[in-house]
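Accompanying notes for the structure given below.
Read-outs: derived from the displayed coordinates by stated rules, not from any lab. In this text, all values refer to a predicted model and were calculated from it rather than measured experimentally. Because the Cβ atoms are built from the backbone with ideal geometry, glycine has one as well, and the counts that use them run over all protein chains shown.
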């Protein structure tokens, strides 16, 4: 994705974790990895994103349940703020597979499907990924709680 990004600066969020580097001691479902809610972007390309992740990871505790909704809402707001700028946005979401807010997740993915963006979800580890397979729409088009399709 980096070659297609003009400024080589990427907003980078964590979810389902305890961001102690931000002074938060409870599970948070959408927090900037750099600790700056006003500017979550990591400049300097993917190498700096990875370096920031490696540096920050020891201060982030893992926690659950896993909610995609807050992160997808943040992404939706970001995408809407970019309207009219000829910008295409991509959310790359890495997860262990378990989704505890599936109805909200489906609603937001359908909502996002009408915007200039893509959501890529990658499962890591040995967890159960059946819920994620439902989101890919291969078996049937994904629908929200009102029956609207992607």
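What the table shows:
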quantity: Helix-derived mean residue ellipticity, 222 nm - over the chain, DSSP H n ≥ 4, -39500 (n - 2.57), to 500; calculated: -8000 deg cm²/dmol
quantity: Per-peptide average of other Cβ atoms within 10 Å, ordering 55-62, 93-100 highest first; calculated: 93-100, 55-62
quantity: Beta bridge orientation in the chain: antiparallel %, DSSP, nearest 5; calculated: 60
quantity: Taking the chain and dividing mean pair separation by its residue count, relative contact order in percent (alpha carbons under 8 Å, at least six apart); calculated: 19
quantity: Relative contact order for segment 1-64, counting Cα pairs under 8 Å that sit 6 or more residues apart, in percent; calculated: 39
quantity: Modelled FRET efficiency - R0 25 Å, residue 115 with residue 143, Cβ distances, 0.05 increments; calculated: 0.90
quantity: Among [x] 43, 31, 29; [y] 42, 36, 24; [z] 81, 28, 24, the entry that matches Cα extents along the principal axes in Å as calculated here; calculated: [y]
quantity: In nm, spacing of pseudo-spin labels at residue 77 and residue 134 (7 Å Cα→C-beta vector); calculated: 2.7
quantity: Residue-span extension gain [residue 150 to residue 47] - 0.36 nm each, minus C-alpha spacing; calculated: 33.7 nm
quantity: Fully extended contour minus Cα-Cα distance, from residue 25 to residue 57, at 0.36 nm per residue; calculated: 10.1 nm
